[in-house]
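Below is one structure; the comments refer to it alone.
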Amino acid sequence: MMLFAVLAILMVIASYVFVVLLAAACILLSYAVVSSESVGFQSLLLALFGVVIAGGLLWSLVPRPDKFKPPVPDSTATNIHGCLPNWRGLPPR
């Protein structure tokens, strides 16, 4: 079972490394296109969107904050207008 956990962690690390290398390739190819001798409008657009795609790839690696809100009120809250059941009347487990 631990083998599968280690493999899962290695797969996540490998996917992050792959995405970073892919973004670096987009940047390097954009630089190669711009530094060539015949730079036209299409080449500049290719370089621009290569940088945009690299930025999108790197942005996708940033973790998002969790905005979870529990669907029910807290059980320790007081019984306001009968919204929560009376927990005090239940026998202990």
Original post:
Is there a residue being without any contact (Cβ under 8 Å) to a residue 24 or more places away in the chain, in a helix (DSSP H, G or I), surrounded by 13 or more Cβ atoms within 10 Å (Cβ to Cβ) and not basic (Lys, Arg) anywhere in region 13-20?
Top reply: no
Subject >> Qualifying positions in region 42-59 - closer than 19 Å to Val19 by Cα and exposed (fewer than 10 other Cβ atoms within 10 Å of the Cβ) >> reply: Trp59
Original post:
Can you name the number of the only condition in (1) surrounded by 10 or more Cβ atoms within 10 Å (Cβ to Cβ); (2) at pLDDT 90 or above that Val39 fails?
Top reply: (2)
**OP:** Give region 10-35 a look and list any residue that's in contact with a helix residue (DSSP H, G or I) (Cβ under 7 Å, 6 or more places away or on another chain) and over 30 Å from Pro63 (Cα atoms), or say none.
**Re:** Val33, Val34
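The values are calculated or read from the model by the stated rules, or taken from the named source; none is laboratory data. Just so it is clear, the model here is predicted, and its values are computed rather than measured. Cβ coordinates were reconstructed from backbone atoms using ideal geometry, including for glycine residues, and neighbour counts include every protein chain displayed.
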